[in-house]
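Have a look at this one.
The values are calculated or read from the model by the stated rules, or taken from the named source; none is laboratory data. On a predicted model such as this, the values are computed, not experimentally measured, just so you know. Counting neighbours? That spans all protein chains shown, and the Cβs are built from the backbone with ideal geometry, glycine included. The protein model used for the area step is the full one, side chains on, heavy atoms only, and it has no ligands, DNA or RNA in it. Shrake-Rupley method; radii C 1.70, N 1.55, O 1.52, S 1.80 Å.
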Amino acid sequence: MSGPRCPRVLAVLARWLLGTVLVTWRYLWETTPLHRGGECQGDERDRPPQLPPEAVDDRVQRAEDGFGPLYHRRFRVNIAAADLDAGRLIEWVCRDFKRFVPSEVVDIHTGELRGQGLDVADELLVEMPGPWNGPVRVVRRDADSLRLVTLRGHMEAGQVQFRARKDDDLLVFEIELWACTSSRLVHLLYSHLRLAKEIQLNMWVRFCLSAVTASGGRLVDGVHISTRRLAPPGKAPARPVPRTGGNPRGRRGLGARHLAGAVREAGMRRDWWRRNSR
């Protein structure tokens with residue numbers, strides 16, 4: 001290992017260990033109720049929204065570019081007596097994104113932003129514990145939502161959306177994610193060892209609680225978390241092979257029926273062609 005590279009590796013390892021300890025410590029002492037509904041099977045409604053064609057280039061890391069299952073996660077808080085409406089809260093997120101993340105383990109780097117804060121095509125780098133920084137790009141910004149897509153080098157492949165809305169007397173703030181892990185290594189840490197998954201959970205829970213603080217309101221009934229899991233994008237689950245029991249003659253009979261059906265269909269197509277080509 002070369003001289004200049006060794007301190008860099010040691011620094012990454014030290015930051016990873018320190019970040020993990022801090023995240024674990026805060027998680028163990030967290031008193032906010034976390035309503036984790038468990039992980040369940042998703043369906044086509046859990047697929048990520050379409051990306052605008054103009055936002056996609058060779059740096060974009062879509063869910064289809066990832067590895068392993070697609071996770072659709074949602075983090076939600078209900079806020080009572082908020083001083084801000086939905087639009088003002090999202091505007092604050094766009095203007096001061098760094099304020100909402102746990103600063104002891106996450107750092108945010110952005111380029112020069114315009115007066116309205118984050119906007120379409122802007123990019124930011126989320127530095128997290130471990131060797132996986134998170135470059136992302138804004139693909140949508142409107143009055144009550146902000147949506148980002150991951151770029152090459154991110155630990156995940158997919159999209160994340162921040163949204164606020166009014167629900168009767170409550171202000172609802174949500175973070176919604178559609179993502180696969182970016183590699184086999186991250187898949188191991190995320191899906192099996194669950195380390196990366198818990199770090200992510202802690203970060204988004206803290207983001208939601210920061211939104212409550214920024215709104216000037218009061219948290220109602222803790223943080224609600226849901227996780228739905230789907231087959232990898234573009235890879236439909238394999239259909240089981242039909243079984244006819246252990247009788248070899250039964251398997252031959254099934255093949256013969258398929259062959260007879262194919263021959264019959266071919267004959268019908270030939271007759272149709274003769275009738276219509278006269």
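I need the full set of residues from the stretch 148-158 which are buried (at least 22 other Cβ atoms within 10 Å of the Cβ) and either closer than 23 Å to residue 212 by Cα or of a type outside the set (Ser, Thr, Tyr) (or both), in order please.
Scanning the stretch 148-158 gives 148, 149, 154, 155, 156, 157, 158.
Among the residues of the stretch 165-180, which ones are open to solvent by less than 20 Å² (accessible area, probe 1.4 Å) and farther than 21 Å from residue 228 by Cα?
Within the stretch 165-180, just 171 meets the criteria.
Follow-up. Tell me whether the stretch 1-8 contains one or more residues that are hydroxyl-bearing (Ser, Thr, Tyr), at pLDDT below 85 and under 23 Å from the mean Cα position of the chain (by Cα).
Checked the stretch 1-8: no residue is hydroxyl-bearing (Ser, Thr, Tyr), at pLDDT below 85 and under 23 Å from the mean Cα position of the chain (by Cα).
Would you be able to tell me the number of residues in the stretch 216-231 that are within 19 Å of residue 33 (Cα to Cα) and either polar (S, T, N, Q) or in a strand (DSSP E or B) (or both)?
10
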